[in-house]
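The structure under discussion appears below in the form of structure tokens.
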There are 2 protein chains.
Amino acid sequence: MMSTKKNYTRETILKAAWKILDESPRASSRMSDIAKEAGISRQAVYLHFPTRAELLIATARYVDEVYEIDERLRKSRNATTGKERLSAYIEAWGNYLPCVDCMASAFLAMPDDDDAMAAWNDRMAEVRDGCLAAIEALAADDDLTASYTVEQATDILWMLLSIQNWQLLTVKCGWSQADYVSHILEIAQNVLVKNC
Amino acid sequence: MMSTKKNYTRETILKAAWKILDESPRASSRMSDIAKEAGISRQAVYLHFPTRAELLIATARYVDEVYEIDERLRKSRNATTGKERLSAYIEAWGNYLPCVDCMASAFLAMPDDDDAMAAWNDRMAEVRDGCLAAIEALAADDDLTASYTVEQATDILWMLLSIQNWQLLTVKCGWSQADYVSHILEIAQNVLVKNC
DNA sequence: CGCTCAATTGACACCGTGTCAACTTTACAC
DNA sequence: GTGTAAAGTTGACACGGTGTCAATTGAGCG
């Protein structure tokens, strides 16, 4: 099969892009840098990805696959009570955030690219769906505080679990990953769970 | 005085930059766009500001001056009790955020410019100082929850009041400005104030 | 009048993205 | 083996945005 080789190169490029983004925290990840890392010519990258934005989108998907984030989040839905589900979701997503930090930075650095922003917003919308499911489970147990509607509580949880907040607390404030998860969990419970 | 004319043009440019950033929510604010808005040639902008980054930094300062944010925040320090001071600070800063949203977006869109990021980090550090002062006032009244150290509580308040959270709740979730302020205040009190 | 400084025009270098054409390599099919 | 098609290479180029430079214009002022 010819396509085998093509797929192999494609994955090589994705790995290279991931590595470059991961290593150069806030440096410029040019197409030429990624190509060099992948051991091919800059132009060859365009044989597999039409634009830089598409490459980043594909890389984000690839990272998701490698870390099996879908499965991680699905497991958090198995919790029986709403409270357990809330903490399982926060723990699952909160511990995934450091893995996608580099991808998030790359996307947020190109806010004027419509394709990239659409892909990013899709991903974030999925996270909000997860938040909504957790909040609804909490509401079903009548454990959701009366201060907020389900929508508002979802928005607040979504906000707490944003990558920007993770970056602020861990990168800028120097919190450990464990502190981040435990304190965000504490805040969420404090704000969203009834008689807590 | 010759410098009068120069200062006048300088301010014209700053106003133009402000307007362009404000109007084009996530469009490209090129030097040529700003120059056109100011009614001068693109090259003339460089007679007043060496780089685009410096222009943005100066524009941010100009916006601060116009809105007299320093004075607004200073007033929040006049509150007598720690609790009052916390709510005064949240209200003052929270209601200033919509004014600087466009500037924030501009800075966050150029994360690889060292000068711009340094300027932005300075501004954010000042906000954190304000948070720290409010938390210390709370601690002085023995109204700070025992769950966090002063530093941790400051970090949490800083996180809650970040521009990214404001953008998320108002722009993406559609919250009104009033809802934003009141709910962030409620969350902060819930999380940070003892027996609340 | 002559000086100075702001501003203008037009040109250019640099850099990164994306495209194109021509050529080479690889691998498989017959 | 030889032919063919796809993958990859090199070199060149257009485009857009930033920043620089030189030559020129124009207004204000002693």
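What are the nm distances, shortest first, from B:Ala27 to its equivalents in the other copies, labels at 7 Å along Cα→Cβ?
3.6
Report, in whole Å, the centroid distance computed from the Cα atoms of the range A:44-110 and the range B:43-117.
32
Under the rule that an exposed site lies in a DSSP loop and has at most 15 other Cβ atoms within 10 Å, name the longest stretch of chain B with no trypsin sites (Lys or Arg not before Pro) of that kind, not counting the sites themselves. Don't jump to the answer; show the numbers that get you there.
Details: sites that count: B:Arg26, B:Arg30, B:Arg77, B:Lys194.
That would be B:78-193.
Once you have all Cα-Cα distances for the protein assembly as shown, histogram them in 20 Å bins from zero and send the whole-percent values.
Going from the shortest bin to the longest, the percentages are 24, 53, 21, 1.
Taking a point 7 Å out from Cα toward Cβ as the label site, list the nm distances between A:Asp64 and the same residue in every other copy, smallest first.
4.0
Rounded to the nearest 10 degrees, what's the angle between the helix B:52-67 long axis and the longest principal axis of chain B, both from Cα atoms, 0 to 90?
60
Add +1 for every Lys or Arg and -1 for every Asp or Glu among the other residues with Cβ under 14 Å from the Cβ of B:Ala178, and state the total. Let's see the in-between values first.
Values: positive: none; negative: B:Glu91, B:Asp179, B:Glu186.
Once positives and negatives cancel, what remains is -3.
Can you tell me the length gained on complete extension of the stretch B:Ser41 to B:Val150, counting 0.36 nm per residue apart and subtracting the Cα distance? Could you put the intermediate results ahead of the total?
On the way: separation 109, 0.36 × 109 = 39.24 nm, distance 5.13 nm.
Separation in residues times 0.36 nm, less the Cα-Cα distance, equals 34.1 nm.
Calculate the dipole size of chain B relative to its Cα centre from +1 charges on Lys and Arg beta carbons and -1 charges on Asp and Glu beta carbons; express the result in debye to the nearest 20.
Its charge dipole is roughly 780 debye.
Which residue, A:Met110, A:Thr170, A:Leu138, has the largest displacement toward the positive end of the dipole of chain A when charges sit on each Cβ (Lys, Arg +1; Asp, Glu -1)?
The residue sitting most towards the positive pole is A:Met110.
Find every distance from the label point of B:Glu11 to the corresponding label point in the other copies (7 Å from Cα along Cα→Cβ) and write them in nm, one decimal, shortest first.
6.4
Tally Lys/Arg at +1 and Asp/Glu at -1 over every other residue whose Cβ is under 9 Å from the Cβ of A:Ala53; what's the total? Present the calculation step by step, with values, prior to reporting the outcome.
On the way: positive: A:Arg52; negative: A:Glu54, A:Asp113, A:Asp114, A:Asp115.
Charge balance in the 9 Å sphere: -3.
Which one, A:Tyr96, A:Val127, A:Thr81, projects farthest toward the positive side of the charge dipole computed for the range A:64-192 from Cβ point charges (K/R +1, D/E -1)?
A:Thr81
Using a cut-off of 20 Å between alpha-carbon atoms, which lysines can reach B:Lys75, once sequence neighbours fewer than 8 places away in the same chain are excluded?
Hits, sequence-local ones excluded: B:Lys83.
Calculate, axis by axis, the spread of Cα positions in chain A along the three principal axes, and write the results as whole Å, longest axis first.
61, 40, 29
Tell me, for the rotation carrying B onto A, which chain B residue has the beta-carbon closest to the axis and what that distance is in whole Å.
B:Gln164, 2
So who's got an amide H within less than 5 Å of the one on B:Val193, skipping anything under 5 residues away but keeping other chains? H placed 1.01 Å off N, in plane.
Excluding prolines and chain starts, which carry no amide H, the hits are B:Thr145.
Calculated from DSSP H runs of 4 or more alone, at -39500 (n - 2.57) each and per residue, what is the 222 nm mean residue ellipticity of chain B, nearest 500?
Values: 10 runs with 143 residues, N = 196.
Computed ellipticity for chain B at 222 nm equals -23500 deg cm²/dmol.
Report the normalised scattering of the range A:98-180 as log10 I(q)/I(0) at q = 0.25 Å⁻¹, calculated by the Debye formula with identical scatterers on the alpha carbons.
Computed log10 I(q)/I(0) values: -1.14.
Hey, got the dipole for the range B:114-161? About the Cα centre, +1 on K and R Cβ, -1 on D and E Cβ, debye to the nearest 20? Walk me through the numbers before you get to the answer.
Details: 2 positive and 11 negative charges, 28 e Å.
So the magnitude is around 140 debye.
Using each residue's phi in the range B:124-130, evaluate 6.51 cos²θ - 1.76 cosθ + 1.60 at θ = phi - 60° and report the 3J(HN,Hα) Karplus result to the nearest Hz, with x for Gly and Pro.
For the range B:124-130, the Karplus-derived couplings read 5, 5, 5, 4, 5, 4, x Hz, x marking Gly and Pro.
How many partner chain Cβ atoms sit within 10 Å of a residue's Cβ in peptide B:153-159, on average, as a whole number? Don't skip to the answer; put the middle values down first.
On the way: counts 0, 1, 8, 8, 0, 4, 14.
If you average over the peptide's residues, the count of other-chain Cβ atoms is 5.
Based on the Cβ-Cβ distance of B:Glu23 and B:Asp179, what FRET efficiency does E = 1/(1 + (r/R0)^6) give at R0 = 30 Å, to the nearest 0.05? Show your work: numbers first, answer last.
Details: r = 25 Å, r/R0 = 0.84.
Step by step, r from the Cβ atoms, then E = 0.75.
Quote the charge dipole size of the range B:39-133 about the Cα centre in Debye, to the nearest 20; the model charges only the Cβ of Lys and Arg (+1) and of Asp and Glu (-1). Each step should come with its number before you reach the end.
Values: 11 positive and 16 negative charges, 64 e Å.
So the dipole magnitude of the range B:39-133 works out to roughly 300 debye.
Any read-out appearing in this document is the output of simple, stated calculations on the displayed coordinates, not a laboratory observation. This is a predicted model, so every value here is computed, not measured. Every residue, glycine among them, receives a Cβ derived from its backbone with ideal geometry; neighbour counts consider all protein chains shown.
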